[in-house]
Amino acid sequence: MVIEQIKVGQMAVFCYLLGDEETKDAVLVDPSSDFEKINSAIDKYQFNITKIINTHGHFDHIGGNRYYIKKTGAKLLIHEDDYYFLGKKVNRFIAFIKGGRYIKHEVQLLRDGDVINIGSLDIEVIHTPGHSPGSICLYFNGNLLTGDTLFTEGMGRTDFRGGCGETILQSIKNRILSLPDDTIIWPGHHYGRFPVSTVKEQKNYYL
């Protein structure tokens with residue numbers, strides 16, 4: 001299994017490339033910008049992108065959706081509570097600038113507990129609202145992609161529409177910090193000193 005953490009754009013977004021080295025099937029999580037950098041990682045492993053997953057619907061995490069759907073024919077996956085973000089004018093404009101005109105594509109709406117299959121890899125969807133209503137984390141093989149719910153030093157903003165400080169804290173404490181201590185935290189932005197953390201380390205901040 002490959003986990004490639006790719007820092008892209010001026011907002012230090014982490015895009016993730018997750019792939020099965022045997023089947024060559026792979027998924028892109030939160031493609032945003034710097035497509036040459038992302039494409040270089042895909043080419044390095046000769047992966048076939050079959051799915052694009054958004055951890056939430058904010059523009060800095062979905063900007064590359066249209067580009068990669070056109071390039072790969074991949075299915076788009078996003079939680080049902082954040083699907084409406086895809087239709088917001090500002091997000092459609094950003095998608096047009098980065099990816100061109102709209103094309104018809106398949107969207108799979110996610111719910112808590114869904115399992116996404118990539119080759120032999122099973123990824124569990126954990127609903128962690130607070131930063132946005134449909135924010136999710138992705139759990140697999142002792143790894144957790146936390147999107148903007150939790151960074152290595154801090155949590156996501158809650159002053160956007162649909163955000164809630166109390167809700168995000170409950171998501172962190174009840175959904176993330178209940179996982180095994182050695183679970184590796186892979187955040188949605190490089191906003192701390194380190195690009196990765198662990199559940200055990202994060203308990204020092206929130207418990």
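Among the listed residues Ile6, Ile69, which satisfies the condition of being without any contact (Cβ under 8 Å) to a residue 40 or more places away in the chain and either farther than 28 Å from Thr158 by Cα or part of a helix (DSSP H, G or I) (or both)?
Ile69
Mind listing just one residue for me: the one in segment 20-34 that is free of Cβ contacts under 8 Å to residues at least 60 places away in the same chain and surrounded by fewer than 23 Cβ atoms within 10 Å (Cβ to Cβ) and, of those, farthest from the chain's Cα centre (by Cα)? Step through it out loud before you land on a result.
So in segment 20-34, the residues free of Cβ contacts under 8 Å to residues at least 60 places away in the same chain come out as 21, 28, 31-32, 34.
Checking the rest, the ones that are also surrounded by fewer than 23 Cβ atoms within 10 Å (Cβ to Cβ) come to 21, 34.
Working: Glu21: 20, Asp34: 16 Å.
My answer is Glu21.
Hey, does segment 179-186 have a residue that's without any contact (Cβ under 8 Å) to a residue 24 or more places away in the chain and over 20 Å from Asp114 (Cβ atoms)?
Yes: one or more hits.
Please name all residue pairs, on different chains or six or more residues apart, with Cβ atoms under 9 Å, provided the first residue is in segment 119-132 and is in contact (Cβ under 8 Å) with a residue 24 or more places away in the chain and the second residue is of a type in the set (Phe, Trp, Tyr) and not in a loop (DSSP other than H, G, I, E, B).
Close Cβ pairs (under 9 Å, with a partner that is of a type in the set (Phe, Trp, Tyr) and not in a loop (DSSP other than H, G, I, E, B)) amount to Leu121/Phe140; Ile123/Tyr139; Ile123/Phe140; Val125/Tyr139; Ile126/Tyr139; Ser132/Phe85.
Considering segment 147-182 alone, what residues qualify as being under 21 Å from Ile6 (Cβ atoms) and of a type in the set (Val, Ile, Thr)?
Across segment 147-182, the qualifying residues are Thr149, Thr152.
I need the full set of residues from segment 162-172 which are surrounded by 14 or more Cβ atoms within 10 Å (Cβ to Cβ) and either within 16 Å of Thr152 (Cα to Cα) or modelled with pLDDT of 95 or more (or both), in order please.
Gly163, Cys164, Thr167, Ile168, Leu169, Gln170, Ser171, Ile172
The values are calculated or read from the model by the stated rules, or taken from the named source; none is laboratory data. Quick caveat, the model's predicted, so the values are computed rather than measured. Glycine also receives a Cβ, built like all others from the backbone with ideal geometry; neighbour counts cover every protein chain displayed.
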